[in-house]
Number of protein chains: 2
Amino acid sequence: MSQSSFQEISASDFFYRNRDIAGFTNPSRAIFAAIRELVENSLDAAESLKIPPDIYVRLLPVGKEDNGSQVFKLRVEDNGSGIQPRFIPSAFGQVLYGSKYKLKQMRGTFGLGGKMAVLYGQIMTHKPAAITSSTGQAKIYSFKLMIDIQRNRPIIVDRKVLINKEKWRGTIVEFFIEGDYLRAMPKILEYFKQTAMVNPYANLTFVDPKGRLYRFTRSTTEMPEPPKETLPHPYGVDVELLQRLIYISPHKTIVDFLKNHFHRVGNITAKKFLAFTGLSPTKKTKKLSREEIVTLTQNLKKFKEFLPPDASCLSPLGNDLLKAGIMKELKPEYLVVSQRKPSTYAGHPFIVEIGIAYGGAIARKNSFQIYRFANKIPLLYDEASDVSYKVINAINWRRYKVTPDMPIAIVVHICSTKVPYKTVGKEFISDREEIRREVANALREVSRKIHHFMSKREHVDKERKRISIFAKYLPRIAEFSTSLAGKETRPDIKKLIASVRKYGKEE
Amino acid sequence: MSQSSFQEISASDFFYRNRDIAGFTNPSRAIFAAIRELVENSLDAAESLKIPPDIYVRLLPVGKEDNGSQVFKLRVEDNGSGIQPRFIPSAFGQVLYGSKYKLKQMRGTFGLGGKMAVLYGQIMTHKPAAITSSTGQAKIYSFKLMIDIQRNRPIIVDRKVLINKEKWRGTIVEFFIEGDYLRAMPKILEYFKQTAMVNPYANLTFVDPKGRLYRFTRSTTEMPEPPKETLPHPYGVDVELLQRLIYISPHKTIVDFLKNHFHRVGNITAKKFLAFTGLSPTKKTKKLSREEIVTLTQNLKKFKEFLPPDASCLSPLGNDLLKAGIMKELKPEYLVVSQRKPSTYAGHPFIVEIGIAYGGAIARKNSFQIYRFANKIPLLYDEASDVSYKVINAINWRRYKVTPDMPIAIVVHICSTKVPYKTVGKEFISDREEIRREVANALREVSRKIHHFMSKREHVDKERKRISIFAKYLPRIAEFSTSLAGKETRPDIKKLIASVRKYGKEE
C-alpha cells in the first residue's frame, strides 16, 4: 500500500525551494530584488540613528554574458548603524533571524530579504558573501559567510578584525549574483528614482555594470523623527498574542496588564473596558480560563471606547514632503494631497497618504498612472493585485468629471508598523478591509477637490468660448449700430466685453 | 547609542505574523483558504491511491454573527489514503513538515495549507482541531491538537484509538474558524464548480451554513494514472542541489552519479555530457572542487543534448477531458484545445494545456474570461498578476481577428512537479520565462485555429450578404428580362443563385 512519507524542512530550505515567493523569480527579478532588499536594509539602518543615509550600490560584471544572464559582484555600502559582530553571521546567514520582528515602522518586515539575496547568490555561484561592519567603535569586523541551507545556519568561512582608525560606521555587503541586468535595468532605475522621491534626505549612488553613474542627491538634511517601537492596539488582538503577553508579563492584575501592554490604554480606559467585559480589575491574568481569554479577545475588538492609535510611532511623509516629491518628479499642472488620520487593522496603526495630480508633464494614457509606496519604499511589481489599484478602479470616476484617458497620476503611500504585504517579495499590499476603506476615503477626499478643479476648468472653458463669441460679434454689431445711428465714434467694446465677463463670473 | 536587537522566530511564528502571505488575509479569504487547502489535501490523498475521491465539506455556524464575521465549525472528510498515527500531530500541528516536499505533481506544494487553516482557527477561537484518520487497517486514530506557535510544535490535547470494524479509510479534519461566509460564498461555490470541472472523477459535497447542499457528482470513475515522483532534470540544477545529491549519493564515479540522480540521463548521454564538460567519467564526485561543481552546474544548463523531460511523471488533463470539461461548463459554439509537449523550468517538467472557446453560452464582456488551473486546482484570486493573464494581454489579438469584447473564454492549465506559485496562498503563478514561452506558444497554436474559424465566419457572413443581395435582385431582373424577351417561363432563379454561390465559394 502506498503510504506518504513525511519530512521536516528548515525555513531556509523552504525559501530555497520556493524562492519565487520571496521575489527571486527569474534572473531579472532576482537582481532587482537583491538590490532593493539591501538598499532598504541600509535606509533602515541609517534612519534608526537619524543619520541622513549615504548609500552606494555597485554592480560589477565578473562573468561572461550567457543567454541574458551574467555573474555580477554586487556591493552595497551604507553609513547606517552598523551591526554588532556577534549578530552578523545570523543576520546574513540565517533565515527568520533578524531585528525586524517588532511593532515599528520599518522598510524590512520579514527579516528575510538580505538572506535571500545572499542565498540566491550562493546557489548560483557557490561563493561566500563578504560582510564588513562597524558600529563606529574601535573595531571593524569582516566576515565571509555561506548559508547551510538544510540546517538554516550560517557557515563562517573567514573572519577578520581591523582597527577602526577613522571611526567609520556602517555596513558593506558584497557578494556574487547571477542575473539579467539588461532586463532588470528599467525597474532598477525606476526604483532608485522613486526611492529618492520619498527619501529626499538620502544620497543614493548607483554604478551600473557599464560603469555609468546614477546619483540621487539629497535635497535636505532634515530627518524625520525615527519611528518608535509601539505596543499592540487592542483592536485586532488575537488569542495567541494575548496569551503570549500574559505569559511574559510581570503585571499580575488584569488592569495593570491592560495598562502596560496595550497601545493607548490608560487606567480609566482599562477600568471602563473591564466593566464592559465583566471582569474584576484585580483578577489575576494567569488565572484566566481559556473561555475567559477568548471572551476577552472578542471584547477587545467590540469595545468602542479605545482611542485610535497614536501616529507618533509612525513616520509618514507629510503633506509638504509628499507635495514636493510629486511636484519635483511629475511636474503636474494641478496637485492635491491628503493625509488621513491614523487608523488600525489587526492592532497595527497605519496612515494613508494620497496625492492626485493632473496635467503638466503627466502623460496621457489609457489608464491612470499609479505610484505605490509603503513605508517609504516604492512598490513596482504586480500593481493590479494591490489594494490601492483595486480601490482606484472601483471608484466611479465620472462622478468627479474624471476619465481614465486624462493625464492623471495617483500616488498612494501607506505607512504602518506592519504593512500587510501579500508576498514576501513585498510587491503588493493585500486587501485588508480597514486599509481598503482608508484608501477609499482618502481618494474620495482628493477626488472632491479634483472634481472642483475639473468643474472650474470646464466652467472656465465654457466662459472662454462664450467670451470669444462676444468678442467676435460685438465689434460688428457696434460698427453696424454706429453707422445706423449716424454717429462716428464707436462705443468701447472692451468695456462691453468686460461687463459681459463679469456677469459670466457671477453666474 | 541605539542598537538593533536581534531575535530568531519559528517558521510557525513567521506565518502567524504574516498570514496574509498564506492567503489568510481577511475573514472572507480565510474561510475560502481553509476550505480549499483541506479539499486539495483530500484530493491528493485519494489520488495517490488511485481511488475516486469522495469529499464531504460542511460549514456549520456555531457563534453569533458579528460585523460580518462568525465562528464556524468546518468539517472536511475524505476517503483518501489516511495518515499513519505517528505522522498526524506534526502533519497538522507543525509548519514546514509534510509529505509534499517531493518532485511530484501534487495540489499541495508548501506543506503549509492544512496547518495554516488549523493555526488560523486556533488564534481566533482558541479551540483544538480534531483529526481522525485511518489507513484502512485495524484501528482508527483520533487526535485533538493545538499548535505551539512559538516553538512550532504540535500539542496533543487528546488522543483516542478506536477499532476499525468497517475498515474505513480516510481522514476527517474538524475545527473552529472565524470567517465571513457571505462574502466568501461566491468564490467558494466557484471553487467547487471549477474543481469539479477538472476532476470529473471526484464526488464533492458541500453543506453551507444555511444547510444548503451543493453536490458535484462524478461523471466517470476512470482515474488518471497517479503522478509519479521523479528525479531532477539537468537543466536548471543549482549548486546547492548538486551538492546535496553528491552528499547523499552512494554512486562514487561521476558517470554513475549522473545516470542515477537525473531525469532522462542514461549512460550515453552522461558520457557525452562529461566529454562536453571535460571531466573524466571515472572521476569521484566527492573529489570535485568547488570550482568544478560550479562549472558542472553551468554546463548542465548549457549542454544541448539532454532529452526533454518525460511527461510520464505528470498527470495532465488531456485534450478529451479538457474539451469535455469546457463544453460541459461553458457550452461554447466553438472550442479548440491544445496540449503542449512537456517542457522544463529550473529542472522541473511542466505541461501547458490550453483551450479557447467562442460564443454559445459565453457572455460578452469587456475582456476575455480567463480560467486558470494548476495541477487540477482552480486559481481564483489575483488574476492580473498571473503569468497567463500577462501573456494573454501581451498578444496582438487583432492579428487573429479577435477583440476583447467578443464572447471568448481562455482556459489555461499548467501542471508540473513544482508549480512556481508567487504566493504561499497559491493565488497565481510567477512569470518564469520558460512558462511564459510555453503559454505563449500554446496560445498562438489555438489562436491560429480561432483565426481560421473567425476568417471562415467572416467569409460566410460576407457570402451570406452577397447571396442575399443576389436573392433580392435576381428575381426582379429575371421577371423584367422575361417580359422584355416576350417569354412566359422565367428562368430558374435557384440555379442561378447556386451558380453564384459556387463561384463565391471558390473565390
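The values are calculated or read from the model by the stated rules, or taken from the named source; none is laboratory data. What you see is a predicted model, and the numbers here were worked out from it, not measured in a lab. For neighbour counting, all protein chains shown are included, and Cβ atoms are generated from backbone atoms with ideal geometry for every residue, glycine included.
Of note:
- Residue-level check: of (1) at pLDDT 95 or above; (2) farther than 29 Å from B:Pro232 by Cα, B:Ser42 misses just (2).
- Filtered residues of the stretch A:313-331 (kept if of a type outside the set (A, V, I, L, M, F, W, C), surrounded by fewer than 20 Cβ atoms within 10 Å (Cβ to Cβ) and either assigned by TED's automatic domain parsing to the domain that holds A:Gln194 or at pLDDT 85 or above (or both)): A:Gly318, A:Asn319, A:Asp320, A:Lys323, A:Lys331
- Selection over the stretch B:452-471 of residues that are in contact (Cβ under 8 Å) with a residue 24 or more places away in the chain, closer than 26 Å to B:Ile395 by Cα, surrounded by fewer than 16 Cβ atoms within 10 Å (Cβ to Cβ) and not polar (S, T, N, Q) gives a count of 1.
- The number of residues in the stretch A:311-349 being among the aromatic types (Phe, Trp, Tyr) and farther than 17 Å from A:Val411 by Cα comes to 1.
- So A:Ile83, is it more than 30 Å from A:Thr344 (Cα to Cα), crowded, with 23+ Cβ neighbours inside 10 Å and more than 9 Å from chain B (Cβ to nearest Cβ): no
- Consider the stretch B:346-370 and keep the residues that are more than 14 Å from chain A (Cβ to nearest Cβ), surrounded by fewer than 24 Cβ atoms within 10 Å (Cβ to Cβ) and touching a residue at least 60 places away in the same chain (Cβ under 8 Å). The one that is farthest from the chain's Cα centre (by Cα) is B:Tyr358.
- Hey, B:Thr297 part of a helix (DSSP H, G or I), surrounded by 14 or more Cβ atoms within 10 Å (Cβ to Cβ), hydroxyl-bearing (Ser, Thr, Tyr) and away from chain A (no Cβ under 14 Å) or not: no
- Scanning the stretch B:371-387 for residues that are within 14 Å of chain A (Cβ to nearest Cβ), in contact with a helix residue (DSSP H, G or I) (Cβ under 7 Å, 6 or more places away or on another chain) and over 27 Å from B:Arg264 (Cβ atoms) turns up B:Arg372, B:Leu380, B:Asp382, B:Glu383, B:Ala384, B:Ser385.
- When the residues of the stretch B:209-251 are filtered to those that are in contact with a Ser or Thr (Cβ under 7 Å, 6 or more places away or on another chain) and of a type in the set (Asp, Glu), the one that is surrounded by the most Cβ atoms within 10 Å (Cβ to Cβ) is B:Asp238.
- Index of the failed condition, A:Lys495 passing every other in (1) in contact with a Phe, Trp or Tyr (Cβ under 8 Å, 6 or more places away or on another chain); (2) basic (Lys, Arg); (3) more than 14 Å from chain B (Cβ to nearest Cβ): (1)
- Some residue of the stretch B:56-77 being part of a loop (DSSP other than H, G, I, E, B), under 23 Å from the mean Cα position of the chain (by Cα) and in the same structural domain as B:Ile35 (by TED's automatic domain parsing): no
- Qualifying position, being among the small types (Gly, Ala, Ser) and within 14 Å of chain A (Cβ to nearest Cβ), among B:Ser416, B:Ser343: B:Ser416
- Filter result for A:Ile477 (surrounded by 11 or more Cβ atoms within 10 Å (Cβ to Cβ) and touching a helix residue (DSSP H, G or I) at 6+ places or on another chain (Cβ under 7 Å)): no
- Filter pass, A:Arg490 being of a type outside the set (Val, Ile, Thr), over 48 Å from the mean Cα position of the chain (by Cα) and not in a helix (DSSP H, G or I): yes
- Residue within the stretch A:109-131 that is of a type in the set (Gly, Ala, Ser), under 30 Å from A:Leu380 (Cα atoms), out of contact with any Leu (no Cβ under 9 Å at 6 or more places or on another chain) and in contact (Cβ under 8 Å) with a residue 24 or more places away in the chain present: no
- A:Ser447 vs. criteria of a type in the set (S, T, N, Q), within 14 Å of chain B (Cβ to nearest Cβ) and out of contact with any His (no Cβ under 8 Å at 6 or more places or on another chain): no
- Within the stretch B:51-69, restricting attention to residues that are under 19 Å from B:Ala117 (Cα atoms) and more than 12 Å from chain A (Cβ to nearest Cβ), the residue that is surrounded by the fewest Cβ atoms within 10 Å (Cβ to Cβ) is B:Val62.
- Residue list for the stretch A:24-48, filter: more than 9 Å from every other protein chain (Cβ to nearest Cβ) and outside any helix (DSSP H, G or I): A:Phe24
- Condition check for A:Asp13: without any contact (Cβ under 8 Å) to a residue 24 or more places away in the chain and within 14 Å of chain B (Cβ to nearest Cβ): no
- Check on B:Asn375, over 16 Å from the mean Cα position of the chain (by Cα) and among the polar types (S, T, N, Q): no
- Pairs are defined by a Cβ separation below 6 Å, a sequence spacing of at least 6 or placement on different chains, a first member in the stretch A:295-310 that is farther than 24 Å from A:Glu229 by Cα, and a second member that is surrounded by 18 or more Cβ atoms within 10 Å (Cβ to Cβ) and not aliphatic (A, V, I, L, M); the pairs so defined are A:Phe303/A:Phe273.
- Of all the residues in the stretch B:279-294, those that are at the interface with another protein chain (Cβ under 10 Å from one of its Cβ atoms) and in a loop (DSSP other than H, G, I, E, B) number 0.
- Test: residue in the stretch B:360-376 that is closer than 23 Å to B:Pro316 by Cβ and touching a Lys or Arg at 6+ places or on another chain (Cβ under 6 Å): yes
- Of all residues in the stretch A:206-262 being aliphatic (A, V, I, L, M) and part of a loop (DSSP other than H, G, I, E, B), the one that is farthest from the other protein chains (Cβ to nearest Cβ): A:Leu231
- Flag for A:Arg75 being among the basic types (Lys, Arg), in contact with a Leu (Cβ under 9 Å, 6 or more places away or on another chain) and away from every other protein chain (no Cβ under 14 Å): yes
- B:Lys304 vs. criteria under 25 Å from B:Leu103 (Cβ atoms), in a helix (DSSP H, G or I) and not acidic (Asp, Glu): no
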